[in-house]
Each structure stands twice: as structure tokens, then as C-alpha cells.
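Data first, discussion second: the structure below is written as C-alpha cells.
The values are calculated or read from the model by the stated rules, or taken from the named source; none is laboratory data. Source: prediction; values computed, not measured. Here Cβ is always computed from backbone atoms with ideal geometry, including for glycine, and neighbour counts include all displayed protein chains. With ligands, DNA and RNA removed, areas are computed over all heavy atoms of the protein, side chains included. Shrake-Rupley method; radii C 1.70, N 1.55, O 1.52, S 1.80 Å.
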Amino acid sequence: MDKNIDRLIKISQTFGKNPDYIIAGGGNSSYKDEDRMWVKASGTSMADIDENGFVCLDRNKMQVLSEKTYSDDATVREQEVKQDLQNAILFPEGKRPSVEASMHEVIQYAFIMHTHPTLVNGVLCAKKSKEMIEDLFGDDVVYVPYTDPGYVLFKEVVNALLKYKEKKAKEAQIIFLENHGVFVGADSCEEIEKIYTEIEEKLKSKASSCPPDSGKGDNEALLKLAGQIELNGEESKVYAAVDDSELTKSFVKDANSFASVSVPFTPDNIVYCKSKYLLVTDKDDVNARIASFKKECGYNPKVIALEGKGLVCIEENMKSAKIVLDVYKDMMKVSYLSESFGGPRPMTQQQIDFIDNWEVENYRRKISKESK
């Protein structure tokens with residue numbers, strides 16, 4: 001195996017195993033030489049990724065993404081871009097490269113690590129995010145306002161990188177994406193880790209510490225609630241992950257507390273938890289509330305908060321239920337951290353609708369569920 005691919009695997013696993021940076025199939029990484037780029041396959045978990053978890057692309061064929069004029073229709077355009085990405089695949093067959101492969105291509109460093117760190121998103125999902133990033137990092141970084149993922153975001157990043165290079169006479173290494181995450185590029189994995197450490201240290205100096213996020217998992221009221229749930233009016237197996245940590249309790253005290261985590265902050269929140277969540281009391285008929293929720297939203301809730309007690313997260317298997325819980329708890333941390341930077345700024349309904357209906361994210365959700 002190429003030593004650089006081995007380095008890419010090791011650094012991907014290092015970040016992938018750290019839930020402060022990546023949860024489930026989130027984030028992506030890459031390595032490129034002069035002619036080829038290896039980028040994480042869509043939906044693949046970086047925690048246990050190996051060489052089969054990457055897609056190798058022809059960099060010459062990737063150039064069409066910057067040069068070609070695509071359709072003005074968003075649905076048609078994303079299909080055209082997806083096809084051009086597929087055309088650039090050298091191997092293996094049957095896997096999709098990360099939808100952000102095009103951004104990995106234009107960031108001019110050998111190694112790229114894109115993550116969704118809790119601490120970073122605590123700033124990027126806050127009302128004063130741009131102001132705080134400029135205050136902490138000056139003009140040494142690129143800041144991109146929220147843009148729908150895919151080709152439109154790619155073009156925004158390309159333009160921002162060009163402006164940075166014109167001003168600084170060098171390539172940008174740190175790109176912050178509002179309500180999304182951060183890209184870090186370098187020519188060695190050691191430098192990437194060093195940059196991430198520096199980012200974390202700067203942000204920690206300004207952020208408050210979150211309440212403890214570990215609960216016993218045996219809360220009687222939550223387990224009772226989970227046992228009462230019948231989806232679609234049927235007595236079928238319901239897989240539920242519960243949590244009664246101090247962090248969770250601080251957000252389920254009442255409707256006002258829950259409101260600050262009732263709208264997603266990032267695309268990953270939507271991919272794994274959907275975009276609406278249910279708050280119930282111990283006096284409610286939970287199945288009646290679920291039926292009303294489904295009638296209004298078109299799907300069963302994945303996140304059910306029991307007022308004053310904690311969370312019950314439900315999915316089609318236990319692994320997926322735990323992922324929903326982990327992602328939602330990360331969302332709560334982001335909301336809590338954002339208070340240090342002007343308060344939370346969730347996604348708009350228009351932004352949410354794009355992610356909810358985007359085929360690429362539905363594919364990523366599907367692959368994540370199927371992976372072992």
C-alpha cells in the first residue's frame with residue numbers, strides 16, 4: 001500500500017473515532033498526488049475506514065466541475081454534477097465519492113480533513129459567528145456564509161479561495177463553513193493535527209464548558225415511555241436509545257428550554273435526526289402524539305423528549321437509534337456553546353427543505369444505516 005494512503009487511513013481513523021469531531025458517517029478526508037485523488041466514499045464511517053472506504057478519482061476529469069456550465073435548475077444541476085463525479089472514478093465501482101470531493105480537489109494541499117467539530121460548530125451556528133472567527137483568526141482563514149451543499153457551495157468555496165490567494169499570495173489552509181464545519185489542508189498529516197489543535201485552543205478560550213453528557217441509561221420513566229411506543233399503530237419492535245444526562249435535562253426542562261434545540265443547526269442533524277422533534281409530558285398519550293406528529297410532518301419522530309426527564313431516540317435498529325441520540329446530543333452541545341457567541345442561529349426552513357429533499361443526503365443516510 002502507498003505510504004500516503006496508509007497515512008490517510010490512520011489520520012481518518014484518528015478523527016473518526018473522536019465524537020468531538022465526527023459522528024457516524026459525517027466528515028470526509030482525502031489525499032491527492034499530481035494525477036489522482038483518494039476521497040472518502042459517501043456515508044462511510046471514518047472510525048474504522050480502510051483502503052476500501054475511499055474512492056480514487058482522476059484529477060484531470062475533475063477539472064470539468066470548475067469549467068463546465070451546469071443547468072440553472074437545482075435538481076437537474078445536481079444530477080449533472082453527480083454524473084461528472086461518477087465519470088471521474090477510477091476505482092472501485094459501486095461506490096460514490098463524497099459529495100464534497102470537488103472541494104477537496106480545489107484546496108491545494110496533499111491531505112485534506114473535513115470535520116464537524118462540536119466546538120467549531122458552537123461558533124459557526126451562532127449569531128456572531130463571522131465576527132468571532134475574524135476576532136480569533138483574523139484574515140488567516142476563509143469564512144464562507146451558509147450555502148446549500150453541493151455545486152453551489154463548491155463555487156462559493158472556489159471564489160473565496162481565489163480571493164484569499166490574491167490577497168495573501170498563498171493557499172488557504174483553514175476554511176470555515178457557516179452552520180456546517182471546517183476544512184483543513186496541509187502537505188502532512190502532522191500539520192493537519194497541529195492546525196486542528198490550534199483551532200480548538202483558540203475556541204476553548206472563549207467558550208463555556210457544556211454540562212456532563214453521560215447518563216445512566218436506565219431512567220425508569222424513559223424506559224417506560226420507550227416501552228409504550230407503537231409506530232404506525234402496530235405492536236412492532238421499537239429500538240430506543242435513552243438519555244437522562246445533565247446536558248439533556250437542561251434542554252427538556254420545559255417547552256421554552258426545548259425550543260432552542262427544536263430546529264436543526266447543520267445538515268448532519270437533518271440526515272440523522274430529521275428536522276422536527278417531539279416534546280411530550282408524562283400525562284400525554286405518546287402514541288396519539290406520535291400519530292399527530294406523523295400526520296403533520298409525514299414521518300415518525302426520531303427524537304422524543306420527555307419533559308423534565310430526558311430523551312428517547314427511536315430508529316429501525318439499535319445502532320441507528322444510538323446514532324440519532326449521539327447526533328442530537330451534539331446538537332444540544334452546539335446550542336449550549338453558541339450562547340458564548342451571541343446565541344444560537346439554526347438553519348432556515350428553506351435550507352432545511354433543501355437537505356430534506358436532497359437525494360445525495362438520502363443516499364448517505366441509507367449507506368450509514370447499512371454499514372456494519
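For the reader, a short list of remarks on this structure follows.
- Residues in the stretch 66-110 that are within 21 Å of GLY43 (Cα to Cα), charged (D, E, K, R) and assigned to a helix (DSSP H, G or I): GLU78, GLU80, LYS82, ASP84, GLU105.
Conditions (1) of a type in the set (Gly, Ala, Ser); (2) within 15 Å of the chain's Cα centre (by Cα); (3) closer than 18 Å to SER45 by Cβ, marked per residue:
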position: LEU306; (1), (2), (3): no, no, no
position: ILE314; (1), (2), (3): no, no, no
position: ILE323; (1), (2), (3): no, yes, yes
position: SER340; (1), (2), (3): yes, no, no
position: GLY343; (1), (2), (3): yes, no, no
position: GLN351; (1), (2), (3): no, yes, no
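- Every residue from the stretch 126-176 that is β-branched (Val, Ile, Thr), under 20 Å from the mean Cα position of the chain (by Cα) and outside any loop (DSSP other than H, G, I, E, B): ILE133, VAL142, VAL144, VAL152, VAL157, ILE174, ILE175
- Assessment of the stretch 140-161 against the conditions (touching a residue at least 24 places away in the same chain (Cβ under 8 Å) and over 30 Å from VAL76 (Cα atoms)) yields at least one matching residue.
- Condition check for ILE22: at pLDDT 95 or above, assigned to a loop (DSSP other than H, G, I, E, B) and at negative phi: yes
- Taken over the stretch 258-278, the criterion of being in contact with a Ser or Thr (Cβ under 8 Å, 6 or more places away or on another chain), open to solvent by 20 Å² or more (accessible area, probe 1.4 Å) and within 25 Å of LYS319 (Cβ to Cβ) is satisfied by LYS276, TYR277.
- Test result for LEU247, assigned to a helix (DSSP H, G or I) and open to solvent by less than 30 Å² (accessible area, probe 1.4 Å): yes
- Filtered by the rule that a residue be modelled with pLDDT under 95 and either β-branched (Val, Ile, Thr) or surrounded by 14 or more Cβ atoms within 10 Å (Cβ to Cβ) (or both), the stretch 199-210 gives LYS206, ALA207.
- Considering residues of the stretch 342-360 that are within 16 Å of GLY181 (Cα to Cα) and part of a helix (DSSP H, G or I) only, the residue modelled with the highest pLDDT: GLN351
- Note on the stretch 25-43: among residues that are open to solvent by 10 Å² or more (accessible area, probe 1.4 Å) and not in a loop (DSSP other than H, G, I, E, B), the one that is farthest from PRO212 (Cα to Cα) is ARG36.
- Extreme residue, surrounded by the fewest Cβ atoms within 10 Å (Cβ to Cβ), among residues of the stretch 177-198 that are part of a loop (DSSP other than H, G, I, E, B) and of a type outside the set (Asp, Glu): SER188
- In the stretch 297-336, the residues that are open to solvent by 60 Å² or more (accessible area, probe 1.4 Å) and under 21 Å from ASN256 (Cα atoms): GLU307, LYS309, TYR336
- When LYS82, LYS68, LYS128 are screened for being modelled with pLDDT under 95, charged (D, E, K, R) and open to solvent by 50 Å² or more (accessible area, probe 1.4 Å), only LYS68 passes.
- One residue stands out in the stretch 44-65 among those that are open to solvent by 70 Å² or more (accessible area, probe 1.4 Å) and part of a helix (DSSP H, G or I): the one that is nearest to LYS3 (Cα to Cα), namely GLU51.
- Sole exception among (1) closer than 29 Å to ILE270 by Cβ; (2) surrounded by 20 or more Cβ atoms within 10 Å (Cβ to Cβ) for ALA160, by number: (2)
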